[in-house]
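Here, each number is a calculation from the coordinates, and none is a lab measurement. Quick caveat: nothing in here was measured; it's all calculated off a predicted structure. Cβ: placed from backbone, ideal geometry, glycine included. Neighbour counts: every protein chain shown.
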Amino acid sequence: MRYSFALPALAMYCSPAFADANTDRLRDIAGFFANATVISGPSLVDCTLSGGTQTSCFSITVKPEPQDYTPGPWCPSSVDDTADAGGIWLKDGEVHDVDGAFIAGLAALYGDDIWQLFDSASGAVRVTDTKESCEAAARPDVAPEYQNYCVQCLPEYMDANASMTYVIPLVPQDSARSNRTNVSGAGIASNGVRLDAAAPVDAILAAHTIAPFDDCGGHVNTHVGYHYHVATDCIKGTQDAGSDAVRIGIAMDGYDIYARLLLDGTAPADLDSCNGHVDAGGYHYHAGEAGSNAILSCLKAETGCASENPDQTCDASARPPRP
Ligand SMILES: [Zn+2]
Ligand SMILES: [Zn+2]
């Protein structure tokens with residue numbers, strides 16, 4: 001049994017009709033995440049959203065491990081390597097293969113001669129190859145010795161028990177202002193992998209580092225594990241009756257996230273500033289373009305919580321602790 005519906009709690013404070021709607025929604029959510037590595041849930045919990053609304057959320061605890069492919073590779077090991085040996089990087093809205101030639105050409109690409117990610121004698125790429133070095137190189141204040149590195153953290157650096165718990169409203173609570181996605185990320189993909197906020201590309205580049213995404217748009221940090229900054233067709237989903245595209249995720253505000261392209265292969269033309277629009281199925285988002293470094297840049301409704309602690313009660317309105 002991979003999920004539970006927490007029916008006793010539900011019956012205490014819901015009218016029967018409401019309880020049925022919640023049960024249906026939980027069943028839909030459990031089915032949607034059938035291919036995720038689910039530790040527990042989805043179950044019904046009380047939650048306080050980012051705007052202070054107290055409501056019912058679903059809670060699901062997952063491991064960030066897609067079941068249908070193996071993440072990576074990220075950094076090539078030699079300037080002679082082809083695109084199979086590396087991932088992708090984004091610049092000015094374009095997706096670049098991180099192959100050996102890309103590494104060798106960084107100084108020209110960015111017009112900055114300080115770039116030197118490889119040993120000029122051997123052609124070996126300078127890659128973070130331990131947990132300690134990937135963490136040191138991924139910090140906002142990159143230590144001088146890790147400047148000019150291709151930064152990759154490997155999935156095996158994660159604690160074997162590491163998981164992420166998402167607490168997301170069952171029914172979206174629209175908010176007067178849009179909510180930036182940087183605090184809790186954009187949402188969760190159908191395979192249980194976090195759909196993250198924009199990667200801090202400017203800070204990464206300022207340290208003369210590159211932190212490539214694999215060809216599926218993901219990479220690893222040792223806090224949240226494998227996560228996406230780009231939504232690609234590696235993310236499978238469900239094609240629900242009457243919907244205009246494949247549903248690939250659920251946003252932190254409870255609205256669905258659909259693939260970038262509609263079922264007819266065209267891009268929707270009427271998206272709002274948060275990449276959302278209304279069709280027969282209601283309001284939903286479409287993931288941003290691969291090169292945009294924004295799966296979603298904002299959310300229309302109040303957001304829930306994402307935490308490494310499965311037992312934490314969600315209060316998204318609380319001020320985050322100072323770092
Ligand atoms: Zn990242
Ligand atoms: Zn749509």
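The table below gives the values:
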{"item": "In degrees, nearest ten, helix 16-32 long axis to first principal axis of the chain (Cα)", "result": "30 degrees"}
{"item": "Fully extended contour minus Cα-Cα distance, from residue 277 to residue 222, at 0.36 nm per residue", "result": "16.3 nm"}
{"item": "The chain: calculated mean residue ellipticity at 222 nm from DSSP helix runs of at least 4, using -39500 (n - 2.57)", "result": "-4000 deg cm²/dmol"}
{"item": "Length-normalised contact order of the chain in % [C-alpha pairs under 8 Å, at least 6 apart]", "result": "21 percent"}
{"item": "The chain: most fluctuating residue of 51, 218, 123 per GNM, C-alpha cutoff 10 Å", "result": "123"}
{"item": "Difference of contour (0.36 nm per residue) and Cα-Cα distance, residue 311 to residue 141", "result": "58.1 nm"}
{"item": "Among 204, 60, 188, residue whose mean-square fluctuation peaks in a GNM of the chain (springs only between Cα atoms under 10 Å)", "result": "204"}
{"item": "Length added when fully stretched, residue 69-residue 132, from 0.36 nm per residue minus Cα-Cα", "result": "20.1 nm"}
{"item": "Packing-based order for 293-304, 69-80, using average beta carbon neighbours within 10 Å, highest first", "result": "293-304, 69-80"}
